[in-house]
Amino acid sequence: MMGLLGAFLALPLMSAPASAKDDLKLELNKLEAAGARCQAYFLIEEKAGKPLQSLKADLIVFGKDGGIAKRLIAEMGPVRTNKTSVKIFAIDVPCAEISGVLLNDVASCAPEATPESCLDRLVVSSRLDTRFYK
């Protein structure tokens, strides 16, 4: 009887659907000095079979003092189905001065219905000591 009760209590945990939140990943992979500027390398991975023609990320770059150093609207698209890609952007801030990058919002997303649906799909991470978050 106790075994049956234990199996019954565990049933909701086992039947919960897997989260689809990790179907679109964006990773800050590398920061590379380019004179007085910084080249930011982002790895984007689509794993849900839902390609995007456009994904414009509203990024806020923070300086070492914690203040906002720069705002950047970065086109991450096109994002192909079940594909990993690298997008590179120049930031007018020296790499050594960058403490973090915030994915503030998604400015536009196509063909998704709303930028919010793309923002909800995105999981962000950083391979570096530099924080990347939303």
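Can you count the Lys pairs in the stretch 23-134 whose Cα atoms are under 12 Å apart, with each pair 8 or more apart or on different chains?
Close lysine pairs under the 12 Å cut-off: 6.
Starting from the Cα of residue 73, step 7 Å along the direction of its Cβ; do the same at residue 134; then give the gap between the two resulting points in nm.
The answer from the label model is 1.8 nm.
Per-residue HN-Hα couplings for the stretch 53-69, Karplus 6.51 cos²θ - 1.76 cosθ + 1.60 at θ = phi - 60°, whole Hz, x for Gly and Pro?
Per-residue couplings from phi come out as 6, 9, 8, 9, 8, 8, 10, 10, 9, 9, x, 4, 7, x, x, 6, 9 Hz.
Taking 0.36 nm per residue of separation and subtracting the Cα-Cα distance, what length does fully extending residue 81 through residue 127 add?
Computed gain between residue 81 and residue 127 is 14.2 nm.
Over the stretch 31-87, give the accessible area per residue in Å² for a 1.4 Å probe, as an integer.
Here the residues of the stretch 31-87 average 52 Å² of exposed surface.
Return the long-range amide H neighbours of residue 70 (sequence gap of 5 or more, or a different chain), with a cut-off of under 5 Å between placed amide H atoms.
61
Compute the relative contact order of the stretch 60-134 as a whole-number percentage, counting only Cα pairs closer than 8 Å that sit 6 or more residues apart in sequence.
30
What do you get for Rg/Rh over the stretch 58-134 if you use C-alpha atoms and the Kirkwood form of Rh?
Answer for the stretch 58-134: 0.98.
The values are calculated or read from the model by the stated rules, or taken from the named source; none is laboratory data. The structure presented is a predicted model; accordingly, all values stated were derived computationally and were not measured. Positions of Cβ are generated from backbone atoms using ideal geometry, with glycine treated the same way; all protein chains shown enter the neighbour counts. Calculation scope for accessible area: heavy atoms of the full protein, side chains included, ligands and nucleic acids excluded. Shrake-Rupley method; radii C 1.70, N 1.55, O 1.52, S 1.80 Å.
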